[in-house]
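Worksheet: the structure to be examined is printed underneath.
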Amino acid sequence: MSLKENSTEKPIGVVGMGSFGTAIANILATKNKVIAYARRAEVVEEINEKHSVDGVKIHLDIVGTQDPELLCKSCETIFFMVPSAAFQEVIRAFAPYLYPYHIVIHGTKGLCLNLPQGKSLGDLEKISRKNILTMSEVILKETVVIRVGCLAGPNLARELYLGQPAATVVASRFNEVILEGQRLLRNDKFQVYGNSDIVGVELSGVLKNIIAIAAGALAGLGLGENAKGLLISRGMVELVYLGNALGGSLKSFIGLAGIGDLVTTCNSTLSRNYTVGYRLARGEKLQDILNTMEEVAEGINTVRLMKAFVEGTGMRAPITENLYKVLFEDLKIEEALQYLMKYPFSVDVDFL
Amino acid sequence: MAETYIKHKYDPILPQKDEWPVVKLSKSRKEFVKKVAEASKKSVLQVTNNNIDLLKEELETTLYREKLRIKQNPWAVDPDDEQEFWRSVRSKLVQLSAEGNKNKSQKKKAYVEILDEITMRYAEEIASNFIHSHYKLTRRMVTYGFSRLLNAARVKGIKSIFSNQYTLQDKIQIVGETDQIRNLASKGTIVMVPTHFSNLDSILIGWIISVLGLPPFIYGAGLNLFNIGIFAYFMNALGAYKVDRRKKNLPYLETLKTYSSEAIQFGVHSLFFPGGTRSRSGMIEKKLKLGLLSTAVEAQRANFQKGVKDVAGKIFIVPVTINYHFVLEAPSLIKEHLSMTGQERYYKESDEFSTSYKISKFLVKFFTKGSDISVSIGKAMDVLGNYVDQDGQSLDKHGRIINTSDYFISNGEITIDAQREEEYTHHLGKRIVEEFHKINRVFSSHFVAFVAFQLIKKENKKMDLYSLLRLPEEDIEIPYGEFKSTCEMILQCILELEAEGKVQVAPHMRNDINAIINHGLENVGMYHAKRPLVKNESGNIVTQDLSLLYFYHNRLLGYELERKFN
């Protein structure tokens, strides 16, 4: 695992070689050397010896490592592509080796609870904005890195891997981070847009998962495209309201990372969130679904968090609230749907 | 009771006045002003993208606004030759646009020359006139005069006027990281950022700096204050440079920022009131004016670029809060705050500090009656808001030593990136606000005002703030029992916050609850004609001026204590 320092340009770091991480590492490797971090030794071994991840071929210029220090020392720009459940832990493992000159871009769509020590969500009935951290806020809290960015948008890993045309958003408060992201990722098949509202872009990716579960449920009930259109549009309104309350701007929600991702996820039968909704509507119990899924669907955690947040602020978010009842309080999906159909939405669009 | 108060004389860290950065600066004033003017010119050219049409437009706008200002809003301090100067600028501009025979580079040269004249004039106008003998005299006057007044009031008997039993430090208590600031001031450059509630603050801070044995700091003082003879003298003596808020044109703002940045790079300690003006609401500043703050970030990067990477080139940000029971200007400040409709607009600075007589009257009142002030000095930070150790090295949250220069590095080199620095300034501003809340000292007066106002608000839940404030005062009465029990509850919360290091608490808050309440009632806004809070005959709590109560109450906003009233 020796790293050749023959090129003047520093290699790019990728932390987490799940499907999305691998897809991004492949795109990065067409332009730069890439050092990839994986937690498990066998994954690192496979990368270095067979140039593949889970049997899928990857670019030859990707080198694997298990050593956070080595990665941080060799790279100035690092992409964190780990699931949100592990995000805080991984960031903490890297924190001792990160310095203010590092640029960190993450591609994780999830939220993190930030509660007083020793408390859990059950202890506090209501939570406020400061109890919720987006992933960039986790980075700012745990490390000394300040030049932080995020990747979001309709980026299904499989399609990226196949080299189909797609686009993404790099969001950061720092122009230099956006430019760096564009320089590293952009190619003929991959368009990269910039956005300075990082929190808005992160929230878009997070909140759309709620709607994805609902979309799966509609499909599971055997409902058609009219219902889906209704859901996406009302879901958008709810996303905008929740997102605004959490500090994102409207512009980001109606952009690629918002509407773009929402439409893709609500139509993708591959999405884990969609699958949860679908199977629920088919009559399965949440616990049984979770037991048979390899990874946790991000949206479930998001629904739980957002429900507590909505109660803490006194807002109304009918889709989220009803989905919560379906997931955790055994409300029948049909009843939830009935409730939503009766809910007095007065105006079509009132956020513009 | 006074366990945490610091009361002793500090030796000056630089005994020789010739070593004081501010003296060095005033000795080379001429070259310095020239340097500032030159650098400002460059940055105006940069902002206008070296585009001659844009530059022309900026110059014309500047001329227009300046002429308007001279006509509509003249001040006593304005120099006599102003009209003449702008008239000549005008004729040059007119002449230039009329001349068709000049080529582009000639024209550009001519415009840049006009800009040069303007920035030179502004730099000269802004530059401070520090005169050491005046500084010494002022310092002696303040200390001597104040302690005479103080002793006359507190020590009984004919000889009181000559007694030295009480010194100014009994009245104004200094707490916090005094040793650190002294230590760092001898190593690098300090930028002190205090909260701002009263016009008295500048003099107070000047005195504090001298008590701590620090060489004088320079600071930007509103030009309006120079209208008053006695203030002008004080300000000059304390090293103030002039900030004219009437001038909002690009060349002026650039010159002002450049002046500050160059002075910091020169190694002169500076003082910014980062809230811009006095806090009109009585709240601790939440949004800071980032203009001057950005000059600290810029100066730090410039020092790194020059290769000064050791502590000598390091800039330390030191937050300071000033805590009063009583703010003289409170009635007019809160009125302005409430009438401001969110838009920026001109307000006349004709408040209680408008004449020397009123100031003297206030000072006599202040020193003869027992209203204490405490000043807390916060921990020093680098320009990114990281705490620093005794050697001035930055520490991250986990106590690891980091290089501040790393923040300005891109591809291994220190680079200039205006947008990046703007974000850093923003970040620094947020950190300063956080620190303000941590070092803010809760006084009994803030405490009782807070509880009383929140109780009144709770009683009238459905009203918005403005209708609430219009309630007739005579209709409001809080039963003492309810008041006391709420005070006990809130005090508990405040003490918990203190234990978590989120706020500080004055020693008089350690007494029993009745004593605290009485102390608070006695002190809250004690010299106002209408008292914000008093006890009536039946022992209940009433107010004579709800807006004033609101003002003093605001000091404790930002700790989420108001949630306890829902």
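Count of the stretch A:114-135 residues, restricted to those that are outside any loop (DSSP other than H, G, I, E, B) and either over 20 Å from the mean Cα position of the chain (by Cα) or within 13 Å of chain B (Cβ to nearest Cβ) (or both), is 3.
Filtered by the rule that a residue be part of a loop (DSSP other than H, G, I, E, B) and charged (D, E, K, R), the stretch A:166-208 gives A:Arg173, A:Arg186, A:Asp188, A:Lys189, A:Asp197. Is it the case that the stretch A:10-31 has a residue that's touching a His at 6+ places or on another chain (Cβ under 8 Å), outside any helix (DSSP H, G or I), crowded, with 21+ Cβ neighbours inside 10 Å and modelled with pLDDT of 95 or more? No: the stretch A:10-31 contains no residue that is touching a His at 6+ places or on another chain (Cβ under 8 Å), outside any helix (DSSP H, G or I), crowded, with 21+ Cβ neighbours inside 10 Å and modelled with pLDDT of 95 or more.
So is B:Thr321 part of a loop (DSSP other than H, G, I, E, B) and either modelled with pLDDT under 95 or more than 14 Å from chain A (Cβ to nearest Cβ) (or both) or not? When the stated conditions are applied, B:Thr321 does not pass them.
For A:Asn291, indicate whether it is part of a helix (DSSP H, G or I), free of Cβ contacts under 8 Å to residues at least 24 places away in the same chain, within 19 Å of A:Leu218 (Cβ to Cβ) and more than 19 Å from the chain's Cα centre (by Cα). It is false that A:Asn291 is part of a helix (DSSP H, G or I), free of Cβ contacts under 8 Å to residues at least 24 places away in the same chain, within 19 Å of A:Leu218 (Cβ to Cβ) and more than 19 Å from the chain's Cα centre (by Cα). Can you find, within the stretch B:431-457, the residue that is nearest to the other protein chains (Cβ to nearest Cβ) among those that are under 20 Å from the mean Cα position of the chain (by Cα) and of a type in the set (Lys, Arg)? Among residues in the stretch B:431-457 that are under 20 Å from the mean Cα position of the chain (by Cα) and of a type in the set (Lys, Arg), the one nearest to the other protein chains (Cβ to nearest Cβ) is B:Arg431. For the stretch A:136-165, taking the residues that are among the β-branched types (Val, Ile, Thr) and outside any loop (DSSP other than H, G, I, E, B), the one that is surrounded by the most Cβ atoms within 10 Å (Cβ to Cβ) is identified as A:Ile139. Search the stretch A:76-93 for residues that are within 16 Å of A:Val148 (Cα to Cα) and pair each with any residue that is surrounded by fewer than 23 Cβ atoms within 10 Å (Cβ to Cβ) and hydroxyl-bearing (Ser, Thr, Tyr) when their beta-carbon atoms are under 7 Å apart and the residues are at least 6 apart or on different chains. Short answer, once both residue conditions are applied: A:Glu76/A:Tyr101.
Within the bounds of the stretch B:255-267, is there any residue that is within 21 Å of B:Trp207 (Cα to Cα), assigned by TED's automatic domain parsing to the domain that holds B:Ala296, assigned to a loop (DSSP other than H, G, I, E, B) and in contact (Cβ under 8 Å) with a residue 24 or more places away in the chain? There is at least one residue in the stretch B:255-267 that is within 21 Å of B:Trp207 (Cα to Cα), assigned by TED's automatic domain parsing to the domain that holds B:Ala296, assigned to a loop (DSSP other than H, G, I, E, B) and in contact (Cβ under 8 Å) with a residue 24 or more places away in the chain. Checking each residue in the stretch A:112-165 for being modelled with pLDDT of 90 or more and among the basic types (Lys, Arg) picks out A:Lys141, A:Arg147.
Against the test of being at pLDDT 80 or above, within 20 Å of the chain's Cα centre (by Cα) and under 20 Å from B:Ile373 (Cα atoms), the options B:Ile209, B:Ile190, B:Ile172, B:Ile218 yield a single qualifying residue, B:Ile209.
Looking across the stretch B:179-195 at every residue that is β-branched (Val, Ile, Thr) and out of contact with any Pro (no Cβ under 7 Å at 6 or more places or on another chain), the one that is nearest to B:Asn323 (Cα to Cα) is identified as B:Thr195. Considered as a group, the residues in the stretch B:399-425 that are among the small types (Gly, Ala, Ser) and more than 9 Å from every other protein chain (Cβ to nearest Cβ) include one that is farthest from A:Thr143 (Cα to Cα), and that residue is B:Ala418. When A:Ala93 is tested against (1) surrounded by fewer than 20 Cβ atoms within 10 Å (Cβ to Cβ); (2) more than 29 Å from B:His398 (Cβ to Cβ); (3) of a type in the set (Gly, Ala, Ser), exactly one condition is not met: (2).
So that you can scan it fast, the table gives a plain yes or no per residue for (1) under 19 Å from A:Gly21 (Cβ atoms); (2) of a type in the set (Phe, Trp, Tyr); (3) facing chain B (nearest Cβ under 10 Å); (4) under 21 Å from the mean Cα position of the chain (by Cα):
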{"residue": "A:Pro96", "(1), (2), (3), (4)": "no, no, yes, no"}
{"residue": "A:Tyr101", "(1), (2), (3), (4)": "no, yes, yes, no"}
{"residue": "A:Leu111", "(1), (2), (3), (4)": "no, no, no, yes"}
{"residue": "A:Val144", "(1), (2), (3), (4)": "no, no, yes, no"}
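Pairs linking a residue in the stretch B:373-387 that is within 14 Å of another protein chain (Cβ to nearest Cβ) and free of Cβ contacts under 8 Å to residues at least 60 places away in the same chain to a residue that is in a strand (DSSP E or B) and β-branched (Val, Ile, Thr), with Cβ atoms under 9 Å and 6 or more positions apart or on different chains, are B:Asn386/B:Ile402. For B:Leu428, the stated conditions do not hold, so it cannot be described as farther than 24 Å from B:His196 by Cα and either more than 8 Å from chain A (Cβ to nearest Cβ) or not hydroxyl-bearing (Ser, Thr, Tyr) (or both). Output yes when any residue across the stretch B:111-133 is modelled with pLDDT under 95 and over 25 Å from B:Val33 (Cβ atoms), and no when none is. Checking the stretch B:111-133: not a single residue is modelled with pLDDT under 95 and over 25 Å from B:Val33 (Cβ atoms).
Quick one: which residue in A:Leu327, A:Leu305 is touching a residue at least 12 places away in the same chain (Cβ under 8 Å) and under 19 Å from the mean Cα position of the chain (by Cα)? Steps first, answer last, please.
On the way: A:Leu327 fails: under 19 Å from the mean Cα position of the chain (by Cα).
When all the criteria are applied, what remains is A:Leu305.
Comparison of A:Gly283, A:Gly277 shows that the only residue that is in the same structural domain as A:Gly247 (by TED's automatic domain parsing) and either among the aromatic types (Phe, Trp, Tyr) or surrounded by 24 or more Cβ atoms within 10 Å (Cβ to Cβ) (or both) is A:Gly277. Would you check if there is a residue in the stretch B:535-542 being small (Gly, Ala, Ser) and crowded, with 19+ Cβ neighbours inside 10 Å? No - not one qualifying residue is present in the stretch B:535-542.
Would you point out which residue out of A:Gly205, A:Gly181, A:Gly149, A:Gly163 is in the same structural domain as A:Glu311 (by TED's automatic domain parsing) and not polar (S, T, N, Q)? Checking each option against the conditions leaves just A:Gly205. Of all residues in the stretch A:161-189, those being of a type in the set (Asp, Glu) and either within 14 Å of chain B (Cβ to nearest Cβ) or touching a strand residue (DSSP E or B) at 6+ places or on another chain (Cβ under 6 Å) (or both) number 2.
Taking A:Glu176 as the residue in question, decide whether it is surrounded by 20 or more Cβ atoms within 10 Å (Cβ to Cβ), in contact (Cβ under 8 Å) with a residue 12 or more places away in the chain and of a type outside the set (Ser, Thr, Tyr). Spelling it out, it is not the case that A:Glu176 is surrounded by 20 or more Cβ atoms within 10 Å (Cβ to Cβ), in contact (Cβ under 8 Å) with a residue 12 or more places away in the chain and of a type outside the set (Ser, Thr, Tyr). Does A:Arg158 satisfy the condition of being under 25 Å from A:Gln191 (Cα atoms) and either away from chain B (no Cβ under 14 Å) or in contact (Cβ under 8 Å) with a residue 24 or more places away in the chain (or both)? Judged against the criteria, A:Arg158 is a match. Scanning the stretch B:221-266 for residues that are within 25 Å of B:Leu63 (Cα to Cα), of a type in the set (A, V, I, L, M) and touching a helix residue (DSSP H, G or I) at 6+ places or on another chain (Cβ under 8 Å) turns up B:Ala221, B:Leu225, B:Val243, B:Leu250, B:Leu253, B:Leu256.
Meeting the requirement of 2 or more residues that are more than 18 Å from B:Glu329 (Cα to Cα) and modelled with pLDDT under 95, the helices (runs of 4 or more DSSP H) wholly within the stretch B:475-566 are B:480-499, B:513-523.
The values are calculated or read from the model by the stated rules, or taken from the named source; none is laboratory data. Being a predicted model, the structure only gives us computed values, none of them experimental. All Cβ positions, glycine included, derive from the backbone under ideal geometry; neighbour counts span all protein chains shown.
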